[in-house]
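All remarks here apply to the structure that follows.
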Amino acid sequence: MLPDLSTIAADVIVPAPRSPHDAAIELAKAIAGGAKPPVHRPGPRLVAPGPVIVDDKDWPESPYPSRELRIFAGLKAWGVIAKFYPYLDLPNEWDAELPHALAELEAAPNAEAYRDALRAYGTHLHDGHIRIFRNDQKRGVPSIEARMVQRTPIITRVWEPGTQVTLGDEIVAIDGVPIAKAREAQLRLTSGGTQTARDNGALAQLLGGVPDVPVELDVRGADGKIRKVSLVRHPPAGPPALDHYKLIGKLGYADLRELMPDEIDAIFKKLAEAPAIIMDMRGYPHGTAWPLTPYLNVKKETKGALFLRPLIEQGVTSNRTMFIQPLVQNPAIKPYAGKVIVLIDDRAISQAEHSCLFFEQAANVTFIGTHTHGSNGDVTTIRLPGGWRMWFTGQAVRHVDGRQLQQVGIQPTIVAEPTIAGVRAGKDEVLDRAIQFATTGQ
């Protein structure tokens, strides 16, 4: 309406557009009233494209990305873990430590500090699968193993002839840094399911470094004297393999750290009459639990482990799936009827702990040693700026009855630990304890 109260009329009147829904309703009414439906004219056949998996961009050009990308790395790690980490119901400081982690990442002056800021943040999950690495990284280790024995860093294995150290030497300093100070710094960067696992993991990290660059140690021998030694770091390799399985007297022994799946049948042919079999799981196995379990399954058990997996769906971010993993069955195999003893400690992680879940279901197993690492559930990978990768445990695994394994580990039936005196004497006190139990029942 104009100011003089007159109006403007349209020259052409266009019908208001109809909603497709209105048209459909009118057509339905017409057909219901007896009208013929329109002739169906099929459209062109369309092929739905398949899903295309595209890796996240990770800017691999430099291991030290820009300030903005470093901050983004922390936020991405936090976000992925918040949705896909299966153990956030266990004690952790993941959310609380985010502001501190972002500040560290922003302030990181170089690639090493950037990596260490990510490592430090990862420790707050208390997960032994946490690892920050680049695929082009090379790492070397000396031909020794050192572990915490009676709260003391002790050299427990030596596998290179002519090495300047002996079994039972105490590590006093590494690369000129007193061991207490070095361990304190490294523990800040070392994640683990249990404190024991972190302590030994930190010690292993301190010994490793750039290949062919020696690690300088101050060690104290049994005589109390301190001496300096230099050990070359080689590409990672363990001690030479000995017998994968054998008889110790009348007792059977199988080293699950070395045993291969195609040797399982031969083991039980050789050791079938032994009154007990001692299986050494103080390390990482080679997928032997699946063919081995039918030989142990005197309980005729069908269930192996309980799995819980995070499930992210449209509109729902808090679901998870649950299923029971079955044990492998082979009715043609007669289960071994003797005592089953498994040696364990914190070097048993992931698949090693999963194997123990199978064993406890199948047999009346006796675990001897100390608790395992406390981290199981495969590995999920995050791509982070600078070409870095972050590993974390991807699914929750529990005992069939629902008991927790993560951050707890498999617990020993009989506790047995090395001593400094025993290491220096060349004894395997955990194996000795297993032999005692196998022969006396005590």
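At a glance:
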item	result
Residue match in segment 85-101 (condition: within 30 Å of Thr321 (Cα to Cα), modelled with pLDDT under 80, assigned to a loop (DSSP other than H, G, I, E, B) and outside the structural domain of Ile382 (by TED's automatic domain parsing))	no
Residues satisfying the stated conditions in segment 118-164, i.e. over 20 Å from the mean Cα position of the chain (by Cα) and farther than 29 Å from Pro418 by Cβ	Asp136, Lys138
Residues being within 27 Å of Gly140 (Cβ to Cβ), in contact with a helix residue (DSSP H, G or I) (Cβ under 9 Å, 6 or more places away or on another chain) and among the hydrophobic types (A, V, I, L, M, F, W, C) - total across segment 237-258	1
So Ile324, is it over 22 Å from Tyr87 (Cβ atoms) and either of a type in the set (Gly, Ala, Ser) or over 19 Å from the mean Cα position of the chain (by Cα) (or both)	no
Hits in segment 92-125 (condition: surrounded by fewer than 16 Cβ atoms within 10 Å (Cβ to Cβ), of a type outside the set (Gly, Ala, Ser) and more than 23 Å from Gln205 (Cβ to Cβ))	Asp95, Pro99, Glu106
Residue satisfying condition, being touching a Leu at 6+ places or on another chain (Cβ under 8 Å), modelled with pLDDT of 95 or more and among the aliphatic types (A, V, I, L, M), within set Leu306, Leu357, Leu296, Leu327	Leu357
Options Arg151, Arg183, Arg188, Arg115; residue that is under 23 Å from Asn376 (Cα atoms) and modelled with pLDDT of 95 or more	Arg188
Residue match in segment 234-247 (condition: modelled with pLDDT of 95 or more, surrounded by 14 or more Cβ atoms within 10 Å (Cβ to Cβ) and in contact with a strand residue (DSSP E or B) (Cβ under 7 Å, 6 or more places away or on another chain))	no
Within segment 180-277, strands (runs of 3 or more DSSP E) holding 1 or more residues that are without any contact (Cβ under 8 Å) to a residue 40 or more places away in the chain and among the acidic types (Asp, Glu)	251-255
Close pairs from segment 88-109: first farther than 16 Å from Leu189 by Cβ, partner assigned to a helix (DSSP H, G or I) and among the basic types (Lys, Arg), Cβ under 7 Å, at least 6 apart	Glu106/Arg67; Glu106/Arg70
Filter result for Asp428 (surrounded by fewer than 18 Cβ atoms within 10 Å (Cβ to Cβ), assigned by TED's automatic domain parsing to the domain that holds Leu327 and modelled with pLDDT under 95)	no
Cβ pairs under 9 Å, 6+ apart, first in segment 130-151 and within 27 Å of Gln406 (Cβ to Cβ), second polar (S, T, N, Q) and assigned to a strand (DSSP E or B)	Ile130/Thr393; Glu145/Thr156; Ala146/Thr156; Arg147/Thr156; Val149/Thr156
Filtered residues of segment 300-311 (kept if in contact with a helix residue (DSSP H, G or I) (Cβ under 6 Å, 6 or more places away or on another chain) and either more than 24 Å from Asp262 (Cα to Cα) or not assigned by TED's automatic domain parsing to the domain that holds Arg403 (or both))	Pro310
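To keep it simple, each residue is scored yes or no on (1) over 27 Å from the mean Cα position of the chain (by Cα); (2) at pLDDT 95 or above; (3) surrounded by 14 or more Cβ atoms within 10 Å (Cβ to Cβ).
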{"site": "Gly402", "(1), (2), (3)": "no, yes, no"}
{"site": "Val415", "(1), (2), (3)": "no, yes, no"}
{"site": "Val423", "(1), (2), (3)": "yes, yes, yes"}
{"site": "Asp432", "(1), (2), (3)": "yes, yes, no"}
{"site": "Phe437", "(1), (2), (3)": "yes, yes, yes"}
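The values are calculated or read from the model by the stated rules, or taken from the named source; none is laboratory data. A quick note: this is a predicted structure, and the numbers were derived from the prediction, not measured. Note that each Cβ is placed from the backbone with ideal geometry, even for glycine, and that neighbours are counted across all protein chains shown.
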